[in-house]
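Report on the structure given below.
The values are calculated or read from the model by the stated rules, or taken from the named source; none is laboratory data. As the structure is a computational prediction, the values presented were derived from the model and not from experiment. Here Cβ is always computed from backbone atoms with ideal geometry, including for glycine, and neighbour counts include all displayed protein chains. Please note that ligands, DNA and RNA were not included when accessible areas were found on the heavy atoms of the full protein model with its side chains. Shrake-Rupley method; radii C 1.70, N 1.55, O 1.52, S 1.80 Å.
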Amino acid sequence: MNPMLLFQLSWRNLWRRRRRNGLLLAAISFAVAGVVVLNSFIRGMQVQMTQTAVNNMNGHVKVLAPGYLDDPGIARSFDLAKDWRPDVLEGIEAEMVAGWASRVRVPAVVMSERETRGVQLVGIDPAAEAISFIGDMAVEGERLSGSEDGRLLVGRALAEQLETAAGRRIVLITQGADGRNREAGYRIAGLYDAEGEGLEKAFLFTGIANVQNLLDASVITELSVRLTEDRHGPNVLSRMIDALTGLDVLTWQDLEPTAAAMHEFVDVAIAMWFLIVMGALAFGLINTLVTAVMERTRELGMLRAVGMRPRAVVVQVVVESMLIMVLGIVIGLALGMLLYLPMASGIDMSAFAAATEEFGFSALMVPKLEAGDIWLVVSLAIVIGLLASVYPAWRSVKITPLEAMRR
Amino acid sequence: MSDLVVSCEGITRVYADDAVPVHALRGVDFEVRRGEWTSLAGPSGSGKSTLLHVIGGLDRPTNGEVNVDGQRLGGLSESQLSDLRLNKIGFVFQAYNLIPVLTAVENVEFIMQLQGVGAAERQTRARATLTRLGLDDIGDRRPGELSGGQQQRVAVARAVVTEPVLLLADEPSANLDSSTTQDLLELLRNVNEQHGVTIVTATHDPMVMDYAQRRVRLRDGAIEHDESSSGA
Ligand SMILES: Nc1ncnc2c1ncn2[C@@H]1O[C@H](COP(=O)(O)OP(=O)(O)OP(=O)(O)O)[C@@H](O)[C@H]1O
Ligand SMILES: [Mg+2]
């Protein structure tokens with residue numbers, strides 16, 4: 001039968017019980033808005049965790065010599081052509097790659113006049129480190145000027161332990177490829193601040209050539225490739241595995257399994273959370289629809305008597321359910337946007353900074369609204385609207401014209 | 001085409017849902033000629049409504065054959081019965097005839113909408129019918145804003161606008177006072193005489209019976225008396 005007629009009837013029927021349907025609509029709208037906003041926070045946290053893991057000198061894909069993870073040192077090193085770049089590989093386009101950086105990372109002992117600490121000495125090309133946290137960390141004093149820079153960048157927390165400062169000298173001891181210890185003194189160019197004291201205490205940075213000179217080896221121990229988008233990861237990974245035989249090619253997920261597990265958990269948690277909230281709403285919807293069908297028994301019976309087909313009566317109930325749901329979704333999304341937009345540029349969480357930095361989060365919480373999540377909530381709501389109308393619709397077809405007429 | 005709009009043979013209707021079966025109709029043979037207005041009379045529980053429902057395809061007889069406009073109802077499926085009611089029969093019930101969320105004119109249009117008549121034609125016909133029945137001033141009101149008598153007259157308008165073969169009315173005047181009943185009956189007489197609509201009413205109301213050309217009296221589910229007013 002005429003779909004416009006069904007739509008018109010359903011629409012007007014909604015207005016018959018303004019308060020009841022209004023309350024239901026409000027419940028659906030708030031739930032959708034709440035789901036959207038809260039979800040953007042969870043998503044934001046997930047993105048931040050991924051960023052942190054990627055920034056943490058991993059990149060999306062990292063190349064190591066076999067055995068390096070178990071026994072890090074200059075003995076587990078490799079070499080790549082000076083002009084090697086990931087986008088020369090077949091299947092990797094330049095626009096997939098944000099950047100790459102080679103490093104020499106070796107365990108070392110650092111000594112000041114007062115203290116001795118175990119650290120990791122990392123030789124870098126400062127120009128290439130835009131792809132990691134090194135590129136945008138705050139430095140008090142001077143930054144490294146290039147690969148040849150022979151000075152050190154020391155984490156603030158480590159500097160406090162060593163009771164030293166920018167401009168002072170400290171001594172490093174590390175093992176060369178030949179197994180003999182090398183020792184040298186270096187001047188501190190500056191002190192850096194990183195998210196989390198763990199990083200500041202763990203890493204000392206200097207020019208890559210400086211470390212290679214110290215170790216008498218013009219090799220590298222790692223190469224990180226950062227991609228423009230997470231989704232290029234699997235493709236680039238497999239291309240690099242094919243190209244770099246004999247080396248370990250790993251993802252950030254391999255290197256930070258806890259962060260990777262959290263990342264996956266978030267996806268499941270979001271879906272679960274949608275399902276629970278929308279599922280709870282379904283019962284409100286079912287209740288309203290059944291009540292609406294029951295109180296219209298005479299009317300539905302009359303409609304059947306004058307020749308409306310049972311199917312049309314069912315469709316009418318379903319349309320009413322969908323109307324409420326779709327209205328609720330639209331209002332809910334608008335409300336969610338209204339709440340989200342002022343926060344989209346981030347919320348300063350520095351009040352809880354101590355707690356968040358402990359876990360490697362930054363003090364700025366940036367919620368993230370993803371189109372995929374909006375689709376998830378919309379499609380879930382529509383499916384639930386359909387499911388919720390099954391029982392009321394079944395009740396409505398059980399109404400015979402006679403039953404309605406005899407009351 | 002046969003001159004009989006309704007012909008029933010040996011109709012019985014037994015309600016067996018309760019412990020004691022109720023014999024609402026016990027072998028009714030009944031015919032209605034085209035253009036005739038027949039009124040079913042009889043005490044409460046005599047089977048008037050049941051017979052009307054069986055004729056209208058709202059209820060199926062336990063035994064017997066019903067033909068409406070030459071079509072045997074026994075062989076029809078539920079949706080075929082729906083279509084028959086939609087296309088051939090107009091109904092006026094005691095109450096709750098109208099859809100509360102639609103205006104009078106939309107209610108009159110409704111059946112045409114179910115039939116798939118185009119919007120322009122629908123509106124013209126609905127307005128014309130309301131005008132013809134003297135109801136054009138209430139066309140834009142909803143049923144809740146109409147008196148009982150007005151609602152019943154709009155129900156008649158809706159029932160006749162599609163020019164059905166048969167108009168069935170069960171206690172159409174039950175909720176009306178005598179002057180509004182009079183109006184309603186004049187209306188029914190108008191559609192019966194001017195437009196040749198065949199009518200069957202079921203009622204206790206002597207006024208309704210007076211208007212009909214033929215009175216059929218039921219008792220205990222059987223026809224007791226069948227009388228046509230001479231010369232009507
Ligand atoms: N669904 C049903 N279940 C059981 N018995 C029924 C049912 N419908 C009707 N009856 C019985 O069938 C008999 C005839 O009922 P019907 O409604 O046809 O009488 P009526 O002549 O229209 O009465 P009234 O003048 O009160 O409207 C009654 O005894 C009634 O109780
Ligand atoms: Mg009756």
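For the range A:86-108, indicate whether the set of residues that are without any contact (Cβ under 8 Å) to a residue 40 or more places away in the chain and either touching a Leu at 6+ places or on another chain (Cβ under 8 Å) or in a loop (DSSP other than H, G, I, E, B) (or both) is non-empty.
To start, the set of residues in the range A:86-108 that are without any contact (Cβ under 8 Å) to a residue 40 or more places away in the chain comprises A:87-88, A:93-94.
After this cut, where a residue has to be either touching a Leu at 6+ places or on another chain (Cβ under 8 Å) or in a loop (DSSP other than H, G, I, E, B) (or both) as well, the list is A:93.
Checking the range A:86-108: at least one residue is without any contact (Cβ under 8 Å) to a residue 40 or more places away in the chain and either touching a Leu at 6+ places or on another chain (Cβ under 8 Å) or in a loop (DSSP other than H, G, I, E, B) (or both).
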Inset, instruction - Spot the failing condition for residue B:46; the list is (1) open to solvent by 10 Å² or more (accessible area, probe 1.4 Å); (2) within 16 Å of ligand 1 (Cβ to nearest atom); (3) assigned to a loop (DSSP other than H, G, I, E, B), and only one is missed. - result: (1)
Inset, instruction - Looking at (1) over 32 Å from the mean Cα position of the chain (by Cα); (2) modelled with pLDDT under 90; (3) more than 14 Å from chain B (Cβ to nearest Cβ), find the lone condition where residue A:290 falls short. - result: (2)
Legend entry - In the range B:35-62, residue nearest to ligand 2 (Cβ to nearest atom) [restricted to those that are at the interface with chain A (Cβ under 10 Å from one of its Cβ atoms) and among the polar types (S, T, N, Q)]: B:49
Inset, instruction - Return a yes/no flag: does the range B:96-103 have any residue that is part of a loop (DSSP other than H, G, I, E, B), facing chain A (nearest Cβ under 10 Å), within 27 Å of residue B:207 (Cα to Cα) and touching a residue at least 40 places away in the same chain (Cβ under 8 Å). - result: yes
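Counting only residues that are closer than 27 Å to residue B:88 by Cβ, open to solvent by 60 Å² or more (accessible area, probe 1.4 Å) and charged (D, E, K, R), which one in the range B:1-25 is nearest to ligand 2 (Cβ to nearest atom)?
Applying the first criterion (closer than 27 Å to residue B:88 by Cβ) to the range B:1-25 yields B:1-15, B:24-25.
Pick out the ones that are also open to solvent by 60 Å² or more (accessible area, probe 1.4 Å) and you get B:1-3, B:9.
Imposing the further condition that a residue be charged (D, E, K, R) reduces the set to B:3, B:9.
Details: B:3: 28, B:9: 22 Å.
Once the filter is applied, the top-ranked residue is B:9.
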Legend entry - From the options A:75, A:94, residue that is small (Gly, Ala, Ser), open to solvent by 80 Å² or more (accessible area, probe 1.4 Å) and outside the structural domain of residue A:316 (by TED's automatic domain parsing): A:75
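Suppose we filter B:157, B:169, B:174 for residues that are within 16 Å of ligand 2 (Cβ to nearest atom) and not in a loop (DSSP other than H, G, I, E, B); which single one remains? Reasoning before the result, please.
Values: B:157 fails: within 16 Å of ligand 2 (Cβ to nearest atom); B:174 fails: not in a loop (DSSP other than H, G, I, E, B).
The conditions single out B:169.
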Inset, instruction - Being surrounded by 18 or more Cβ atoms within 10 Å (Cβ to Cβ) and over 21 Å from residue A:105 (Cβ atoms) is the filter here, so list the residues in the range A:238-263 that pass it. - result: A:239, A:263
Legend entry - Residues that are free of Cβ contacts under 8 Å to residues at least 24 places away in the same chain and either under 17 Å from the mean Cα position of the chain (by Cα) or not assigned by TED's automatic domain parsing to the domain that holds residue A:86 (or both), drawn from the range A:226-252: A:231, A:234
Legend entry - Hey, residue B:83 away from ligand 2 (no atom under 16 Å from the Cβ), at the interface with another protein chain (Cβ under 8 Å from one of its Cβ atoms), under 28 Å from residue B:187 (Cβ atoms) and of a type outside the set (Lys, Arg) or not: yes
Inset, instruction - Mind listing whichever residues of the range A:1-30 are open to solvent by less than 50 Å² (accessible area, probe 1.4 Å) and in contact (Cβ under 8 Å) with a residue 60 or more places away in the chain? - result: A:6, A:9, A:10, A:13, A:14, A:21, A:24, A:25, A:27, A:28, A:29
Inset, instruction - Taking residue B:108 as the residue in question, decide whether it is touching a strand residue (DSSP E or B) at 6+ places or on another chain (Cβ under 6 Å), buried (at least 23 other Cβ atoms within 10 Å of the Cβ) and more than 10 Å from every other protein chain (Cβ to nearest Cβ). - result: no
Inset, instruction - Looking for whichever is over 30 Å from residue B:112 (Cβ atoms), assigned by TED's automatic domain parsing to the domain that holds residue A:11 and touching a Phe, Trp or Tyr at 6+ places or on another chain (Cβ under 9 Å) here; the options are A:337, A:278, A:325, A:343. Which one fits? - result: A:343
Inset, instruction - Please enumerate the residues belonging to the range A:369-407 that are within 14 Å of chain B (Cβ to nearest Cβ), exposed (fewer than 14 other Cβ atoms within 10 Å of the Cβ) and either within 16 Å of ligand 2 (Cβ to nearest atom) or within 24 Å of residue A:329 (Cβ to Cβ) (or both). - result: A:406, A:407
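Listed residues A:326, A:315; which is open to solvent by 30 Å² or more (accessible area, probe 1.4 Å), on the phi < 0 side of the Ramachandran plot and within 14 Å of chain B (Cβ to nearest Cβ)?
Numbers: A:326 fails: within 14 Å of chain B (Cβ to nearest Cβ).
Of A:326, A:315, the one residue that is open to solvent by 30 Å² or more (accessible area, probe 1.4 Å), on the phi < 0 side of the Ramachandran plot and within 14 Å of chain B (Cβ to nearest Cβ) is A:315.
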Inset, instruction - From B:127, B:122, grab the single residue that is within 14 Å of chain A (Cβ to nearest Cβ) and either more than 21 Å from the chain's Cα centre (by Cα) or modelled with pLDDT of 90 or more (or both). - result: B:122
Inset, instruction - For the range A:183-207, name all the residues that are touching a residue at least 24 places away in the same chain (Cβ under 8 Å), more than 22 Å from residue A:57 (Cα to Cα) and open to solvent by less than 40 Å² (accessible area, probe 1.4 Å). - result: A:184, A:186
Legend entry - Close pairs (6 angstrom Cβ cut-off, 6 or more residues apart or separate chains): at positive phi in the range B:43-58, in a loop (DSSP other than H, G, I, E, B) and more than 6 Å from ligand 1 (Cβ to nearest atom) anywhere: B:47/B:221
Legend entry - Where residue B:69 falls short, out of the listed (1) in contact (Cβ under 8 Å) with a residue 40 or more places away in the chain; (2) within 16 Å of ligand 2 (Cβ to nearest atom): (2)
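With the structure loaded, tell me whether residue B:167 is open to solvent by less than 40 Å² (accessible area, probe 1.4 Å) and more than 14 Å from every other protein chain (Cβ to nearest Cβ) or whether it fails that test.
Details: open to solvent by less than 40 Å² (accessible area, probe 1.4 Å): yes; more than 14 Å from every other protein chain (Cβ to nearest Cβ): no.
Taking the combined requirement at face value, the residue does not satisfy it.
Can you pull out every residue in the range A:12-24 that is part of a helix (DSSP H, G or I) and more than 9 Å from every other protein chain (Cβ to nearest Cβ)? Reasoning before the result, please.
From the range A:12-24, those part of a helix (DSSP H, G or I) are A:12-16, A:18-24; that's our starting set.
Matches in the range A:12-24: A:14, A:18, A:19, A:20, A:21, A:22, A:23, A:24.
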Legend entry - For residue A:144: the one exception among (1) in contact with a strand residue (DSSP E or B) (Cβ under 8 Å, 6 or more places away or on another chain); (2) among the hydrophobic types (A, V, I, L, M, F, W, C); (3) over 13 Å from residue A:103 (Cβ atoms): (3)
